[in-house]
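K.L.:
Below are the structure tokens for one structure; questions will follow.
The values are calculated or read from the model by the stated rules, or taken from the named source; none is laboratory data. Predicted, not measured: the structure shown is a model, and the values here were computed from it. Counting neighbours? That spans all protein chains shown, and the Cβs are built from the backbone with ideal geometry, glycine included. Accessible surface areas use protein heavy atoms only, side chains included; no ligands, DNA or RNA. Shrake-Rupley method; radii C 1.70, N 1.55, O 1.52, S 1.80 Å.
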Amino acid sequence: MKKWFKFFCLSFFSNKISKEAEKRSYTSFFIALILALVFLWLGFAGGDMLPFNAHYNRSPSFQATAHALLANVSAEKRITVEIQNNRLNAKKQGGEYGKELLVNTLENADDKQSYSVNGCEAVIDLRPADTLAEVEAYCVSNNGANLEITYQEYLALNEANKLNFDFKLKYTGKALELNGELVEGYKAYLEGLSEENKQATEKLASDFAEGKITQAEYYRAIYELYFTNYYPSIKEYESSSKVPLLRNYYYHQYINKGISDYLFIFDDYLAGSFTTQKGIILSFYGFYNDVDNGILIAEGVEQAKANELVDKFIKSAYGSIISLSLYAHAMNTLSLAPFIALMPMVVTLLAYSLLKLRGVESINTLGSAFKIIGSYVWFSALISTVLTVIIAFFVQRSMINALPLVFFFITLAVRAIIFAVKESQAYIKQLEQQEERVGTEV
């Protein structure tokens, strides 16, 4: 066991030790591969998450916007934030806590002057995540002309002409307020559509009359039934709802259209994006699980301390997703496992080809070469992880998806080439010594 442990740990640093792999089974390679996957997983996760605090500290405009929003130097403009049971409540000075839109620098000039710094936008929208969105449906021609028509005009077209248009939604930014008049209109449409829909509306009306569902639940159920029958699928806009939700307004109207610096605070999570002084753009989100309950900034706190508390709040919110991030990167690493396992095979072919080109016979099978190269796998992954985490502080986040694999392959290939070169030199030297001995004997 001691000899195996020495072989396993030191083979990367010694050709002599790594050549012991020829006599060993493939078990060592599989153990090394599993360890390599673990290191690469940590490389993906560490490169993704560890630089956040450093990048945040180098984004003065974003920090200044967060400070202005949550720790404004003006008492009249300061927003009071409270965390209770992983939920955020907020109010303006003199106001009350409520589920409302408090700040929107995207559309309110006064808010922009008070809370936005150097174009970094800020929103505090505490309306529930399932709040319905008011939308405008329309269609755009897909022939390159970008002709826009209303959805009602689209419905009037024949089936052939309908193929020339794509369905679109525009989120207005307003909440859809359902009332009895609207719901009766939806019911009338459904009842005239089919007997099945008529029965569904009657069942909902019966449940409401018997007190099995509330009025709000009844209104929403009728609206969802109407929307899914009247409009095409909206999977392009909503991944978890059959109907448009207000929360996604910010994504479709701004984030999806290229806004790069913003801080959006909702009652259950926050999302943001900032550009560092070095031009690195980083988007993030976080929850309030790791944020202490209570008022974020108490009365009378000095400005410098208040700013620190805001920074801690954002960093803690981001830190709450570490378990989700580790899980996501684990799934990503597992999906890449076949590709990662293929890399040692490719490198083995490279090294074995070099040996054969030099006429080296000491490594006489491809299997022997594979075992030797396989002994370098786990330490190559460790080097890759260390390099990835270091480089991640200086490059765009999008590059982290490739860096661990690139560094792993390069490290493994370089070590294999070094082995091939040294083995060739040793083999040639051995042949020369044998020739000298033969000549001496003659």
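K.L.:
State the number of residues belonging to the range 1-28 that are of a type in the set (D, E, K, R) and either in a loop (DSSP other than H, G, I, E, B) or open to solvent by less than 100 Å² (accessible area, probe 1.4 Å) (or both). Spell out how you get there, then give the answer.
P.N.:
Taking the range 1-28 first, the residues of a type in the set (D, E, K, R) are 2-3, 6, 16, 19-20, 22-24.
Okay, now just the ones that are also either in a loop (DSSP other than H, G, I, E, B) or open to solvent by less than 100 Å² (accessible area, probe 1.4 Å) (or both), so 19-20, 22, 24.
The number of residues fulfilling the criteria is 4.
K.L.:
Then there is this: When both residues are 6+ apart or on different chains and their Cβ atoms are under 8 Å apart, which pairs have a first residue that lies in the range 348-368 and is in a helix (DSSP H, G or I), and a second that is among the acidic types (Asp, Glu)?
P.N.:
Here the result reads LEU355/GLU423; SER368/GLU22, each pair linking the range 348-368 to a residue that is among the acidic types (Asp, Glu).
Rundown of residues vs (1) closer than 30 Å to ALA221 by Cα; (2) open to solvent by 30 Å² or more (accessible area, probe 1.4 Å), yes/no style:
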site: ASN108; (1), (2): no, yes
site: GLN113; (1), (2): no, yes
site: VAL123; (1), (2): yes, no
site: TYR138; (1), (2): yes, yes
site: SER141; (1), (2): no, no
site: ASN146; (1), (2): no, yes
site: TYR151; (1), (2): yes, no
site: TYR154; (1), (2): yes, yes
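K.L.:
Could you tell me whether LYS112 is under 30 Å from ILE281 (Cα atoms), of a type in the set (Lys, Arg) and at pLDDT 95 or above? First the steps, then the outcome.
P.N.:
On the way: under 30 Å from ILE281 (Cα atoms): yes; of a type in the set (Lys, Arg): yes; at pLDDT 95 or above: yes.
Yes.
K.L.:
Condition test on GLU76, is it farther than 26 Å from GLN303 by Cα and either open to solvent by 70 Å² or more (accessible area, probe 1.4 Å) or modelled with pLDDT under 95 (or both)?
P.N.:
On the way: farther than 26 Å from GLN303 by Cα: no; either open to solvent by 70 Å² or more (accessible area, probe 1.4 Å) or modelled with pLDDT under 95 (or both): yes.
Against the criterion (farther than 26 Å from GLN303 by Cα and either open to solvent by 70 Å² or more (accessible area, probe 1.4 Å) or modelled with pLDDT under 95 (or both)), GLU76 does not qualify.
K.L.:
Condition test on GLU121, is it modelled with pLDDT of 95 or more, under 23 Å from SER273 (Cβ atoms) and charged (D, E, K, R)? Can you show your working first?
P.N.:
Numbers: modelled with pLDDT of 95 or more: yes; under 23 Å from SER273 (Cβ atoms): yes; charged (D, E, K, R): yes.
Criteria met by GLU121.
K.L.:
Pairs needed: first member in the range 45-63, closer than 20 Å to GLU121 by Cα and part of a helix (DSSP H, G or I); second member anywhere, polar (S, T, N, Q) and open to solvent by 40 Å² or more (accessible area, probe 1.4 Å); C-beta distance under 6 Å; at least 6 residues apart or different chains.
P.N.:
SER61/ASN118
K.L.:
When both residues are 6+ apart or on different chains and their Cβ atoms are under 8 Å apart, which pairs have a first residue that lies in the range 308-333 and is polar (S, T, N, Q), and a second that is open to solvent by less than 10 Å² (accessible area, probe 1.4 Å) and not in a helix (DSSP H, G or I)?
P.N.:
Listed by first residue and then by second, the contacts come to SER316/GLY286; SER320/GLY286; SER320/TYR288.
K.L.:
(1) over 24 Å from VAL243 (Cα atoms); (2) without any contact (Cβ under 8 Å) to a residue 40 or more places away in the chain: which one isn't true of TYR115, the others all being true?
P.N.:
(2)
K.L.:
Is it the case, given these coordinates, that TYR151 is over 30 Å from the mean Cα position of the chain (by Cα) and at pLDDT 95 or above? Reasoning before the result, please.
P.N.:
On the way: over 30 Å from the mean Cα position of the chain (by Cα): yes; at pLDDT 95 or above: yes.
Answer is yes for this residue.
K.L.:
Let me ask something additional. So, restricting to strands (runs of 3 or more DSSP E) that lie completely within the range 234-294, which ones have at least 2 residues that are surrounded by fewer than 16 Cβ atoms within 10 Å (Cβ to Cβ)?
P.N.:
On the way: elements: 262-266, 269-275, 281-287.
Result: 281-287.
K.L.:
Is it the case that some residue within the range 296-304 is under 30 Å from SER74 (Cβ atoms) and open to solvent by less than 40 Å² (accessible area, probe 1.4 Å)?
P.N.:
yes
K.L.:
Go through the range 209-227 and give me each residue that's assigned to a helix (DSSP H, G or I) and open to solvent by 70 Å² or more (accessible area, probe 1.4 Å). I'd like the intermediate steps shown before the answer.
P.N.:
Here is the first cut: in the range 209-227, the ones assigned to a helix (DSSP H, G or I) are 209, 215-227.
Listed by number, the residues that qualify are ALA209, GLN215, ALA216, GLU217.
K.L.:
Do we have ALA133 as in contact with a helix residue (DSSP H, G or I) (Cβ under 9 Å, 6 or more places away or on another chain), assigned to a strand (DSSP E or B) and open to solvent by less than 70 Å² (accessible area, probe 1.4 Å) here? It would help to see each step written out before you state the result.
P.N.:
On the way: in contact with a helix residue (DSSP H, G or I) (Cβ under 9 Å, 6 or more places away or on another chain): yes; assigned to a strand (DSSP E or B): yes; open to solvent by less than 70 Å² (accessible area, probe 1.4 Å): yes.
Judged against the criteria, ALA133 is a match.
To keep it simple, each residue is scored yes or no on (1) open to solvent by 70 Å² or more (accessible area, probe 1.4 Å); (2) under 16 Å from GLN253 (Cβ atoms); (3) hydrophobic (A, V, I, L, M, F, W, C).
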site: GLN93; (1), (2), (3): yes, no, no
site: ASN104; (1), (2), (3): no, yes, no
site: ARG127; (1), (2), (3): no, yes, no
site: LEU163; (1), (2), (3): yes, no, yes
site: GLY173; (1), (2), (3): no, yes, no
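K.L.:
Quick check on MET345: is it without any contact (Cβ under 8 Å) to a residue 40 or more places away in the chain, under 17 Å from the mean Cα position of the chain (by Cα) and in a helix (DSSP H, G or I)?
P.N.:
On the way: without any contact (Cβ under 8 Å) to a residue 40 or more places away in the chain: yes; under 17 Å from the mean Cα position of the chain (by Cα): no; in a helix (DSSP H, G or I): yes.
The answer is no for MET345.
K.L.:
Can you pull out every residue in the range 305-355 that is of a type in the set (Phe, Trp, Tyr) and open to solvent by less than 40 Å² (accessible area, probe 1.4 Å)?
P.N.:
We begin by selecting, within the range 305-355, every residue of a type in the set (Phe, Trp, Tyr); these are 313, 318, 327, 339, 352.
If the condition is that a residue be of a type in the set (Phe, Trp, Tyr) and open to solvent by less than 40 Å² (accessible area, probe 1.4 Å), then PHE313, TYR318 are the ones that fit.
K.L.:
Now for a different question. Mind counting the residues in the range 369-385 that are under 33 Å from the mean Cα position of the chain (by Cα), assigned to a helix (DSSP H, G or I) and touching a residue at least 60 places away in the same chain (Cβ under 8 Å)?
P.N.:
9
K.L.:
Turning to a different aspect of this structure: For residues that are assigned to a loop (DSSP other than H, G, I, E, B) and under 18 Å from ASP292 (Cβ atoms), tally how many sit in the range 71-90. Quick ask: steps written out before the conclusion?
P.N.:
Looking only at the range 71-90, we keep the residues that are assigned to a loop (DSSP other than H, G, I, E, B), and these are 71-78, 85-86.
Then drop every residue that is not under 18 Å from ASP292 (Cβ atoms), which leaves 71, 85-86.
Within the range 71-90, residues that are assigned to a loop (DSSP other than H, G, I, E, B) and under 18 Å from ASP292 (Cβ atoms) number 3.
K.L.:
Taking the stated definitions as given, is ILE31 open to solvent by 30 Å² or more (accessible area, probe 1.4 Å) and of a type in the set (Val, Ile, Thr)?
P.N.:
Working: open to solvent by 30 Å² or more (accessible area, probe 1.4 Å): yes; of a type in the set (Val, Ile, Thr): yes.
Taking the combined requirement at face value, the residue satisfies it.
K.L.:
Follow-up. Any idea how many residues of the range 318-342 are in a helix (DSSP H, G or I) and in contact with a strand residue (DSSP E or B) (Cβ under 8 Å, 6 or more places away or on another chain)? Give the derivation first.
P.N.:
Of all residues in the range 318-342, those in a helix (DSSP H, G or I) come to 318-319, 322-342.
Remaining after also requiring in contact with a strand residue (DSSP E or B) (Cβ under 8 Å, 6 or more places away or on another chain): 318-319.
Matching residues across the range 318-342 total 2.
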